[in-house]
1. May I ask you to list pairs of residues, at least six apart or on different chains, whose Cβ atoms are under 8 Å apart, with the first in the stretch 486-502 being within 16 Å of R422 (Cα to Cα) and the second being in a loop (DSSP other than H, G, I, E, B)?
2. List every residue pair whose Cβ atoms sit under 7 Å apart, with the two residues 6 or more apart in sequence or on different chains, where the first one lies in the stretch 240-266 and is among the aliphatic types (A, V, I, L, M) and the second, anywhere, is at pLDDT below 95 and within 16 Å of the ligand (Cβ to nearest atom).
3. Which condition number in (1) within 12 Å of the ligand (Cβ to nearest atom); (2) at positive phi; (3) surrounded by fewer than 22 Cβ atoms within 10 Å (Cβ to Cβ) is the one that G241 fails?
4. Between residues in the stretch 148-166 that are under 20 Å from Y203 (Cβ atoms) and acidic (D, E) and residues that are near the ligand (Cβ under 8 Å from one of its atoms) and part of a helix (DSSP H, G or I), which pairs lie under 7 Å by C-beta distance while being six or more apart or on different chains?
5. So if I check each of A180, A190, A220, A199, which one is part of a loop (DSSP other than H, G, I, E, B) and either among the polar types (S, T, N, Q) or surrounded by fewer than 20 Cβ atoms within 10 Å (Cβ to Cβ) (or both)?
6. Residues that are touching a His at 6+ places or on another chain (Cβ under 8 Å) and either under 30 Å from D283 (Cβ atoms) or acidic (D, E) (or both): list the helices (runs of 4 or more DSSP H) wholly contained in the stretch 69-177 that include at least 1 such residues.
7. Give all pairs with beta carbons closer than 6 Å in which a residue from the stretch 460-473 that is exposed (fewer than 15 other Cβ atoms within 10 Å of the Cβ) meets a residue that is in a helix (DSSP H, G or I); count only pairs at least 6 apart in sequence or on separate chains.
8. Taking the conditions exactly as written (surrounded by fewer than 16 Cβ atoms within 10 Å (Cβ to Cβ), more than 16 Å from the ligand (Cβ to nearest atom) and of a type outside the set (G, A, S)), does D327 satisfy them or not?
Amino acid sequence: MSGHDPRADAPDTASKRVPETEPATGRLIFERGAPESRCVEAPALDVPEVPLDEALGGYVRTAAPALPHVTEVEIARHYEALASANFGVDSGFYPLGSCTMKYNPRIDERACRLPGFASAHPYQPASSVQGLLELLVELQESLAEVAGLPAVTLQPAAGAHGELTALLAIRAYHAANGDARRRVIVPDSAHGTNPATVAMCGYEVTQVPSNERGGVDVEALRRALDADVAALMLTNPNTLGLFDENILEITGAVHAVGALAYCDGANLNAVLGKVRPGDMGFDALHINLHKTFATPHGGGGPGAGPVAASRALAPFLPGPVAVRHADGSFGLMTPERSIGRVRSYLGNVGVLVRAYAYIRAVGGDGLTEVAEQAVLSANYLKERLKAVWELPYDRTCMHEFVLSGGRMRREHGVRTLDVAKRLLDYGIHPPTIYFPLIVDEAMMIEPTETESKETLDRFADVLVRIDGEAASDPELVRGAPYTTPVRRLDEARAVKEPDLAWRPAEA
Ligand SMILES: *Cc1c(COP(=O)(O)O)cnc(C)c1O
């Protein structure tokens, strides 16, 4: 806070590093301890020793396994250090745009660990898991209500999987009408999973541009539409955090050529209880339960991407679907023209139970408040930051907004990537960067409804401060981070050639 030392508010390398004698991370458990260290001592043999049968031949080890030799407290410290090297929503602010990193209430964890849910076996007869099936039916009903669409499958294991499921159902729907359409329209602001899904379903991607207000260019869309188009895939609110002002015109134009409108529902948090995708004219929607309905996520799962669909698409959904029988009991059924299974058993049931617990705890009015608060938080931050950062689409946003670091790069040679790395030194997870692709040096910020004004203010203060650092000491920002276990990685190489295996040193 001294005002002259640009690093004053950020933990610096020297003071925050754990001293070299006890590095927090960096040493593997195999590199700790000493040959004589033990965690437990086996009692002395009180029976005759019997060597492993020679008949096992080549399968018997000839050398002792290279196990770590550590004491119990060393093990405890090792895992504690690893756990604290992790960053999650419970460690600090995590404004990762499009990912909805809201706080995950502990009550949901408790619910999904109840033995009746956690210990259920996939092959148990339906009569012995009536409670679980009832929960799944009620979850389907709640999601149908939120979506404004009557049918729901809980099978897909993620949002991208939901996209694939819905597009396969759409393809089956067209095929059932004897209609072999070849193209799917995707706007240029779309998440990468959208065109990937289109390609996986064997369709061709037709891209339409955004207009100057950040919505779909409706004239370009009309030009792209004809009887060869199977569907439009659209995120609304979109990845700029903007609600499309022409949504009814858009879905109307899609239906006019016999195509279906698919909503990527990753941004549902912004409109929960306010508007329903079904009322916007969408025929199908995936819902990222792990984003909107608060399941810990990141690092690859598990998640759940249920699909809600119109009456016309319902017969094609994957089965089995949980159903309520006329006599009040619960069971499973497969829709008549189902595309088949897309996931083993009933999906990621642990995630489904968490989402159900969340919905019941928050309640119908509470869901509406979630959306209102998420939108308020985003607009508050946007207004605070637009004075210093470029805001390419200056409109009231929904739950997220996209800034541009273009000016910072031109004037100081500091890139959005550098800012993201510098945020780590302030204990903040960086926002999503370089997405959506239509914004230069993009930084996509989604604060969510669960953060206090104090947290939002600190984040804004830090970003303004980093803008100042970029001007006064660009090298400082370009060299960040200084306080993390590893500094700058060759990120492409870290993904393409991950070296995650440990091998014992040659004896
Ligand atoms: C997260 C996201 C997806 C993909 O969802 P996953 O659950 O990660 O597969 C698709 N579209 C948008 C806009 C997203 O934010």
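The values are calculated or read from the model by the stated rules, or taken from the named source; none is laboratory data. Everything numeric in this text was worked out from a predicted model, so none of it was measured. All Cβ positions, even for glycine, are placed from backbone atoms using ideal geometry, and neighbour counts span all protein chains on display.
1. Short answer, once both residue conditions are applied: R487/P481; R488/P481.
2. L240/S189; L240/G214; L240/P436; L242/G214; A266/S98; A266/H191
3. Failing condition for G241: (3).
4. E163/T193; E163/N194
5. Just one listed residue meets the conditions, A180.
6. By residue number, 159-176.
7. A471/H412
8. For D327, the condition - surrounded by fewer than 16 Cβ atoms within 10 Å (Cβ to Cβ), more than 16 Å from the ligand (Cβ to nearest atom) and of a type outside the set (G, A, S) - is met.
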